[in-house]
Amino acid sequence: MSDWQNLSDQLRKMGVKFGFQEDISKRNKSWPIQSVLEYDETSTALGSILSVKKRYKLDYTQGNYNLHPAAKFLRLLQWADIPGNVPISLNNFIFLDAETTGLSGGTGTMIFLLGLSKYDDGDLILEQFFLRNPSEEEAFLHVISQFCKDMKVVITFNGKAFDIPILNTRHILQRVPSPFMDVYHIDLLTISRQLWKLRLEQCRLSNIEQHILQFHRDGAEVPGYLAPEFYKDYLRTGDARPLKGVFYHNQEDVVSLAALFSHIANILENPLDDKLPYSHDSYSLGRVFERLNETDIAHQLYQQSHVHQDDFNLRTRFLLQQASLFKRQNMYQNALSLWEEAASLQSITAMEELAKYHEHKSKHLQIALQLTSRALEQLKGEKEMNLKVYTRFENRRTRLINKIKKTEFKG
Amino acid sequence: MELNYLLDKWKNDQSFMDNVSAWISTPAVKPRTVSFPDNLDLRLAKGLYRLEIDNLYSHQAESFNYLHDGKNVIIATGTASGKTLAYNLPILNNLLSNSKASALYLYPTKALSQDQLSGLNKLIASSDIESIIKPAIFDGDTPQSHRKSIRNTANILKTNPDMLHQGILPHHTTWHRFLSDLRFVVIDEAHSYRGVFGSHFANVLRRLKRICAFYGSFPQFILTSATIGNPQELAESLIESPVQLINQDGSEHGEKQFIIYNPPLIDQQLGIRKSAVITSVNFSKTLMGNSHQTLIFARTRRTVEMFLSYLRDSLPFHEREQVSGYRSGYLKKERREIESRFREGELKAVVSTSALELGIDIGDLESVILLGYPGSIATCKQRIGRAGRKNQNSLAILIPTPDALDQYLANHPKYLTENNPENALIDPNNLSILTQHILCAAFELPFSSNESFGQLDPYLLRSVLEFFSQQSTLNQQGEKFYFVSDDYPSANVSLRSSSPNRITLISENEDNKQIIGEIDASSAAWFVHPGAIYLHDADIFLVKQLNMEKGECILQPDNCEYYTIPKQSTSIEDFKVITQEQHASYQSNYGHLSLKFELNSYKKLRWHTNELISIEPLNMPPVELETLGFWMNLNQGFLEKLKAEGKWGAYQNDYGPNWQRIREKIIHRDGNRCRACGKSFESQILHVHHIQPFKSFADSELANKASNLVSLCPACHNLAEINVRIRSGLAAASNALRNLAPLLIMCDQEDIGVLAETKSVLANGMPSILIYDNIPGGLGLSRKLYEKQTFWINRAAESIETCPCADGCPACVGPVGEEGYGGKSEGIALLRGFR
């Protein structure tokens, strides 16, 4: 009996259970990764690394969108807080997506497949680097750095929280400086949420792919959460066949990233070109432009959004947003008509803004009082739920009544 | 009334002094000081002056110098001796001259309070070094938004073992700045790291050191400890490196009075004393009435509530709000308020569980009352040490309960005031604990097969790594072992239980369901069998249901007047001797044991009086235990001597000659029926019971007269025997040994088991007393008892000898129960005979 078996007995007697018992005979080497995919091998001084390469022509379509990069992407860079004086050209972008051995993100999580793509000579090239076993990691990180040698901006989907921290951790563990530590990063998840969360609610890449790019994956697709398990099985059994689906999944993730990147860049460069079919989208885009401080465009988008929205709640929200932008800009006259429209839709916030305005700016105290009373009347039934607001209105009413009395007295 | 006058009044009161089992006066102690070391940074010197400190206590200087020389230290100088400055000063001194250096401070409590930072912050502020030294607390309550900046800038980090284990080590790459030049690790209250918790913690330290080495840092360790019997041994077991012991206290102390007031006996037979709670309440009233602020420590929340209600009831209305309770269940805000009201003097008395820990500032206390011995001498001394003021007298009163160890210490107070014999013990290589941490370590950094893990035998390490790779939890590539599972191993490791197999404790009442904790599967049957009363964090629960497959136990908060102890029958399945010693009258052995436990019933005992209320049946599947233990086999000569002296007691085999024939006759006379319940049984099942106990006769023939004998079935016999059977010397001795074991080893009563058998397989059919670690794989507890067996046996004998009872009571040989009564002289004869 070998030592670990003794240990196994001892642990079992102590009532300790770990993992599961393994049948070693299952190990078969008949399906290595080389037999499953068309592969390339890159040799380095640290060992060779296997990868799968593909080259896409730019008119390749991912759903309704092709891979032609956007003519300009300055606004997207601006949104990502990338300083305008940094010269960035097409070949400085790297699209990245990682498949890992787990989701915890701790030091025991490894990247076993890294999909990278970049524009090269008028095409989009994709290379997926694969870790055949953990001892290859040093070489793995090296070839990845080689691929990324011109990188200035990395583009990911949820990479800020996931992919990039894990990549940096791997570099620290291998004691190699990470090219991803100080690089500019555009996380398309963040901007996707800003653009489409109102309409789509769920902004996972699969959702965005289906609804925005109008792209549907084929049967080879394996959902991302199964990847860790398939890799673990592959290490144990040597059977790489299930990994084929993981490669496909990763490949499509990266290609969708590129298509989405261009699409979003285009939207930001030409926000008013297509009349967006959904007013939610106009509103969301308007908010993005408001944050970018491009208020003219923001106003046009807001205008589009509430004019075409039939749902009262949404229309109210859109009206109030635009009104508050006008207010910030001190353009009260414009804000007024929006507030009035919202007030006619029963918006309490609008009534409060109008009351404020008439109390302090226009000094039409009677109008302010009317609005205040109207609001109090409307809130009567739900006082407890809106106690703060109710109290504010009550205080305002008292104040207004006193002010009115004073002016009447002065006569 | 001034404290001194009150003390004099007591001294002159005979009825008071009758109950005082000890009154120890300690005169004021002047400090032994040393001027600031030459290499102390000027800024710190100035900072100390501004805090009105112009020299160091001798032990603070000692610590400073040892640390400067690159050594590890353990500071075991007692409560309120300035231990904090003893490590803060050298650490700050070092960090000031090394801009990238950092220090890690570890505290055993889960929730760290800002108080633990306050001493450090004061010194940093008065030394004007806020721009250089950035301390931070990192625990479960630290908001996410602060964590990033702490990782990037803190150079002193205060945290606890759980956070280190789950929150920092598995993410060490995000801490690489902090770990790259970690110079010092402070381990505060090191005596808390004993038993299972300590064994886990030692492994967490192994992982920490391994990761530090990866980043190129090799920190020095500074431990502080309450006074225990083996501080250096504990420290060196925890960090696996040599440690310098600093235990000569140079700080100053005011005059102190320590009184042990033992409530008088009301019933000698049952060992019942006047209520310790009421006695404590009376003391509080007297002290309050004389304007002396008092802190009262109680053992359970229930006792806190009881005390509060008794005290408040006896006070006039306006004085009731001057009294408050304190426990961990209170909200943070509430606790802060109580602490500050006490500091300001608004509260005259606070009664607390262990929640009012040392780190918390409540000012200088005039008097402390300990309601019951807190379970360890170290804790007892710490709490007593809370009372103390520089230029005035202070008072600590211990009011023991009728429990055996309480009473023993009341009669032998030197263990509370002189050297503490308690040993804190750990076993980092307990297989169940060790393997869990090797897995966590592999997650943190891959293992090379020629690596070491602390001082673990590399051969054993390799076996564990291979075991894990057979399980596909680790992947072996050549000589390296990688973690490739999608688990997060430290999430499954609880630092407070010995195995990964745990039962979740769920408290349910009408309104809600709440998880209150976990317990090892291996000890679940003992602690939380259906019907058990379970104490958790000083709260009391009744177990409604235990589901081992689901891993769940449902409990209900309860306030009933009893507690429970299960009755288990133990059988020894296998054993293997590791070492052995031959003595004159016995043979002592230490080795491996395979035990099997069957829990068939449990006792309900009344709180405080330990009176037996009833015995309830239990139907639990047997539990197996592989562990280590030590057993003492009586030699033939010893046994003969005891028998000759009539000290061998009433064993079934010793009912005189012809017992077998007499027995058969009686069973035949009774028609094979039990005389109590009337059911018939096979003759080998029936027992024959002496109506008047065998031992009470001078002559076995008289005892065995047919009119004194009756056939009973086992169940009825049990009930009949409860109050009548006479306890044997073996039972008396093993009770005393079990009661006194915590004097030597810091453990809970349940951590060791004692089994005494008249015909033991361990002794080839001779009598034997076995002591074993009640934790799978053992933890070194019985090993320590083996090493100090003479001391232990003598203390146990003493506890019976010096007990004021007539013929045995719960405080020495055990409560009256199915073991019978008496047994005092038999117990003494047996224990004193071990030589």
What lysines sit close enough to B:Lys11 to cross-link, taking a C-alpha to C-alpha distance under 17 Å and skipping anything fewer than 8 places away on the same chain?
B:Lys256
Using only the Cα atoms of segment A:201-356, what are the Rg and Dmax in Å?
22.5, 73
Please figure out what share of the DSSP beta bridges in the protein assembly as shown is antiparallel and state it in percent, rounded to the nearest 5.
65 percent
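To one decimal place, what orientation-averaged projected area in nm² is obtained for the convex hull of the Cα set of segment B:40-99?
The number I arrive at for segment B:40-99 is 4.3 nm².
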Cα-centre dipole for chain A with unit charges at Cβ (Lys and Arg positive, Asp and Glu negative), debye to 20
2140 debye
Any chance you could check the Cα centroid distance between segment B:394-409 and segment B:1-41 for me, in angstrom?
18 Å
What does the average come to when, for each residue of peptide A:95-106, you count the partner chain Cβ atoms lying within 10 Å of its Cβ?
4
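Please give the calculated 222 nm ellipticity per residue for chain B, where each DSSP H segment of at least 4 residues contributes -39500 (n - 2.57) and the sum is spread over every residue; nearest 500 deg cm²/dmol? Mind dumping the intermediate values first?
On the way: 27 runs with 276 residues, N = 835.
My calculation for chain B gives -10000 deg cm²/dmol from helical runs alone.
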Å³ per residue of the Cα convex hull, for segment A:40-183?
131 Å³
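How large is the Kirkwood hydrodynamic radius of segment B:87-205, in angstrom, based on all distinct alpha carbon pairs? Can you show the working numbers first?
Details: mean 1/r = 0.0676 Å⁻¹.
For segment B:87-205, inverting the mean 1/r across all distinct Cα pairs yields 14.8 Å.
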Among the aspartates and glutamates, which fall within straight-line cross-link reach of A:Lys53, defined as a Cα-Cα distance under 18 Å, with same-chain neighbours fewer than 8 residues apart omitted?
A:Glu38, A:Asp40, A:Glu41, A:Asp97, A:Glu99, A:Asp120, A:Asp121, A:Asp123, A:Glu127, A:Glu252, A:Asp253
By the Cα gyration tensor axes a ≥ b ≥ c (a/c under 1.5 gives rounded; else a/b larger than b/c gives prolate, otherwise oblate), the shape of segment B:286-399 is rounded
Using the Kirkwood radius over C-alpha pairs as Rh, can you work out the diffusion coefficient of segment B:1-144 via Stokes-Einstein at 10 °C, viscosity 1.306 mPa s, in µm² per second?
86 µm²/s
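Tell me what chain A gives for mean residue ellipticity at 222 nm when only DSSP H runs of n ≥ 4 count, each as -39,500 (n - 2.57), the sum divided by the residue total, rounded to 500 deg cm²/dmol.
Details: 15 runs with 198 residues, N = 411.
About -15500 deg cm²/dmol.
Using only the Cα atoms, work out Rg/Rh for chain B, with Rh taken as the Kirkwood radius, to two decimals.
Details: Rg = 29.1 Å, Rh = 29.5 Å.
We get a ratio of 0.99 for chain B.
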Restricting to lysines and to Cα separations under 16 Å from A:Lys410, and discarding same-chain partners fewer than 8 apart, the set is A:Lys363
Which one, B:Leu287, B:Gly250, B:Phe218, projects farthest toward the positive side of the charge dipole computed for segment B:202-323 from Cβ point charges (K/R +1, D/E -1)?
B:Phe218
Could you count how many Lys pairs in segment B:14-153 have their Cα atoms under 24 Å apart, skipping same-chain pairs fewer than 8 positions apart?
18
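Could you work out the relative contact order of chain B? I mean the mean sequence separation of Cα pairs under 8 Å and 6+ apart, divided by the number of residues, in percent. Before the final figure, lay out the partial values.
Working: 1680 pairs, mean separation 90.8, N = 835.
Relative contact order, chain B: 11 percent.
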Kirkwood hydrodynamic radius, segment B:355-479, all distinct C-alpha pairs: what's the number in Å?
19.0 Å
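Suppose every K and R has +1 on its Cβ and every D and E has -1 on its Cβ; what is the size of the dipole of segment B:572-638 about the Cα centre, in Debye to the nearest 20? Kindly include the intermediate steps, with their values, before the conclusion.
Values: 5 positive and 8 negative charges, 51 e Å.
Value, rounded to 20: 240 debye.
Using only Cα atoms, what is the ratio of the radius of gyration of the protein assembly as shown to 2.2 N^0.38 Å? Walk me through the numbers before you get to the answer.
On the way: Rg = 38.1 Å, N = 1246, 2.2 N^0.38 = 33.0 Å.
In units of the 2.2 N^0.38 Å rule of thumb, it is 1.16.
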Can you work out D for chain A in µm² s⁻¹ from Stokes-Einstein, where Rh is the Kirkwood radius over C-alpha pairs, the temperature is 25 °C and the viscosity is 0.890 mPa s?
96 µm²/s
Please tell me which of these pairs span more than 23 angstrom C-alpha to C-alpha: B:Lys414/B:Lys647; B:Lys158/B:Lys333; A:Lys118/A:Lys152; A:Lys356/A:Lys405?
B:Lys414/B:Lys647
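Where the only charges are on Cβ atoms (+1 Lys, Arg; -1 Asp, Glu), what is the dipole of segment B:408-549 about its Cα centre, to the nearest 20 debye?
Values: 7 positive and 18 negative charges, 43 e Å.
So the dipole magnitude of segment B:408-549 works out to roughly 200 debye.
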Using R₀ = 30 Å, calculate the FRET efficiency as 1/(1 + (r/R₀)^6) where r is the Cβ-Cβ separation of A:Asn313 and A:Gln366; round to 0.05.
0.50
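With the cut-off at 1.5 for a/c, could you classify segment A:335-411 from its C-alpha gyration tensor as rounded, prolate or oblate? Provide the component values of the computation, followed by the final result.
Working: a/c = 2.53, a/b = 1.32, b/c = 1.91.
Taking the square roots of the gyration eigenvalues as a ≥ b ≥ c, segment A:335-411 is oblate.
Using alpha-carbon pairs under 8 Å, 6+ residues apart, how would you state the relative contact order of segment B:65-196 in percent? Display every interim value, and only then the final one.
Details: 139 pairs, mean separation 44.2, N = 132.
This gives 34 percent for segment B:65-196.
What is the mean number of Cβ atoms from other protein chains located within 10 Å of the Cβ atom of each residue in peptide B:483-493, rounded to a whole number? Walk me through the numbers before you get to the answer.
Numbers: counts 8, 13, 7, 13, 5, 7, 4, 3, 2, 1, 0.
What the average comes to for B:483-493 is 6.
FYI, it's all coordinate maths here, none of it is from the lab. Computed from a prediction, not measured in an experiment: that's the story for all the values here. Positions of Cβ are generated from backbone atoms using ideal geometry, with glycine treated the same way; all protein chains shown enter the neighbour counts.
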